[in-house]
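Below is one structure, written out as structure tokens, with a few remarks after it.
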Amino acid sequence: MKLFVYHTPELTPKDKVPDCAIAIDVLRATTTIATALNAGAEAVQAFSDLDKLMQVSQQWSADKRLRAGERGGNKVSGCDLGNSPLDCTPEVVQGRRLFISTTNGTRALQCVENAPVVLAAALVNRQAAVQYLLAQQPETTWLVGSGWEGSFSLEDTVCAGAIAHSLLEQSRYSLDELVGNDEVVDAIALYSQWQDKLLEMFHHASHGKRLLRLKGHEDLKYCAQTDILEVLPIQKEPGVLVKN
């Protein structure tokens, strides 16, 4: 098994498809997707385009859909929810499909949607992703961070490092056997430095600061937790994620 870390969707190879792709947007899309499915959502359907989200979701009855839209950290007008995982309670999402479009995370999912296996991971369900990789042993796995509008983000890379770090701890792979590109070593080093103070790291991250300005401290606290959910979102058709 070889791991490859890409800090943003734009950095992924355009002429290759991995056996398994893991989209990561810790703040907040993949955290929200995992939380919604854990709370009983029927599925989560991701869109990079808001107009398409509105068009497709219109085909569902109002009591079976929820529209979640976020741009620049703020809720989009006309949507039921923004992109806070704290809004995805069982009372709100149970039995409904969440139609979601965010600034960064849904672009990462779209970038890898043609891979045979597409997963969504965050710190909250890190161990679920690790267990999947250990059980299935895909030959090549891409860990694709969402970044922020095309640039590197600390929180997505630290999550990729958390996954790689756990794989090393829980398998017989050596670092050389597991590492597919230099970014994997970089991500592991970042996680090793900050693993006991992830919330503090989020306060240093540019998007963490953005969310703090938007009164998102509780979101940061939730997203900084590790291994609190056992659910692993997996793509069943392009853009549609269900509970694995």
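Quick look at the numbers
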{"item": "Complete set of residues in the stretch 132-168 that are among the polar types (S, T, N, Q) and outside any strand (DSSP E or B)", "result": "Gln136, Gln137, Ser146, Ser153, Thr157, Ser166"}
{"item": "Selection count, the stretch 192-244, where residues are farther than 25 Å from Cys111 by Cβ, among the basic types (Lys, Arg) and part of a helix (DSSP H, G or I)", "result": "3"}
{"item": "Filtered residues of the stretch 30-85 (kept if in a strand (DSSP E or B), open to solvent by 60 Å² or more (accessible area, probe 1.4 Å) and either touching a strand residue (DSSP E or B) at 6+ places or on another chain (Cβ under 6 Å) or of a type in the set (Lys, Arg) (or both))", "result": "Arg71, Lys75"}
{"item": "Pairs with Cβ under 8 Å, 6+ apart, first in the stretch 3-15 and among the β-branched types (Val, Ile, Thr), second assigned to a loop (DSSP other than H, G, I, E, B) and open to solvent by 50 Å² or more (accessible area, probe 1.4 Å)", "result": "Thr8/Phe152"}
{"item": "Unmet requirement for Asn244, which otherwise passes all of (1) open to solvent by less than 70 Å² (accessible area, probe 1.4 Å); (2) modelled with pLDDT under 95; (3) not aromatic (Phe, Trp, Tyr)", "result": "(1)"}
{"item": "Any hit, the stretch 107-119, residues being surrounded by fewer than 22 Cβ atoms within 10 Å (Cβ to Cβ), in contact with a strand residue (DSSP E or B) (Cβ under 9 Å, 6 or more places away or on another chain) and in a strand (DSSP E or B)", "result": "yes"}
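The values are calculated or read from the model by the stated rules, or taken from the named source; none is laboratory data. Keep in mind that what you see is a predicted model, and the values were worked out from it rather than measured. All Cβ positions, glycine included, derive from the backbone under ideal geometry; neighbour counts span all protein chains shown. To get the accessible areas, we keep the full protein, side chains included, count just its heavy atoms, and leave off ligands, DNA and RNA. Shrake-Rupley method; radii C 1.70, N 1.55, O 1.52, S 1.80 Å.
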